[in-house]
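Readers should treat all values here as calculations from the given coordinates under stated rules, not as data from a laboratory. The structure displayed is predicted, hence computed values, not measured ones. Counting neighbours? That spans all protein chains shown, and the Cβs are built from the backbone with ideal geometry, glycine included.
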Amino acid sequence: MAIRLTKPWRDLDEAIPLLRGNLGVFELADKDGQILYIGFASGKSLFGLKGEVRDLSTRIASATQVRHEVNTAYQSRFRELLMVHVADQGELPPYNIEFNHRPVRLGRLSPA
């Protein structure tokens with residue numbers, strides 16, 4: 001498995017109806033592919049990935065694209081995706097900061 005999400009971006013309006021109640025991680029991006037938010041659907045998420053993506057996309061008006069990964073180790077994968085984003089961009093995605101959706105402690109990665 002690649003350390004970064006490698007699936008192609010999908011338009012939110014097309015992707016949301018196709019998502020299911022799975023556990024996993026997702027990234028929301030603007031029309032230019034800039035990652036705005038990295039999130040996860042846990043066992044406590046109402047309607048799993050579908051519910052989380054739908055709810056967050058209504059809160060982030062500039063989000064137009066999504067990509068996701070079904071993964072039962074969603075907490076570890078969520079942290080990994082955040083660490084990769086920090087390694088690449090120097091900071092967390094803007095809406096993870098604004099909504100304070102981030103782990104208390106986050107390790108460091110040096111992806112190739």
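Could you give the dipole magnitude of the chain about its Cα centre, charging the beta-carbon of Lys and Arg +1 and that of Asp and Glu -1, in debye to the nearest 20?
Magnitude of the dipole: close to 420 debye.
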With label points set 7 Å from each Cα along the Cα-to-Cβ direction at Asn100 and Leu18, the distance between them in nm comes to 3.6 nm
Equivalent ellipsoid semi-axes - Cα gyration tensor, the stretch 10-98, angstrom | 19, 16, 10
Angle between the chain longest axis and helix 74-89 axis [Cα atoms, degrees, rounded to 10] | 60 degrees
Any aspartates and glutamates with Cα under 20 Å of the Lys50 Cα? List them, leaving off those in the same chain fewer than 8 positions away.
-> Asp11, Asp13, Glu14, Glu27, Asp30, Glu69
Against the longest alpha carbon principal axis of the chain, how many degrees, from 0 to 90 and to the nearest 10, is the axis of helix 48-59 turned?
-> 90 degrees
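With a cut-off of 8 Å between alpha carbons and a minimum separation of six or more residues, what is the relative contact order of the chain in percent? Walk me through the intermediate numbers first.
Numbers: 185 pairs, mean separation 34.2, N = 112.
Computed value for the chain: 31 percent relative contact order.
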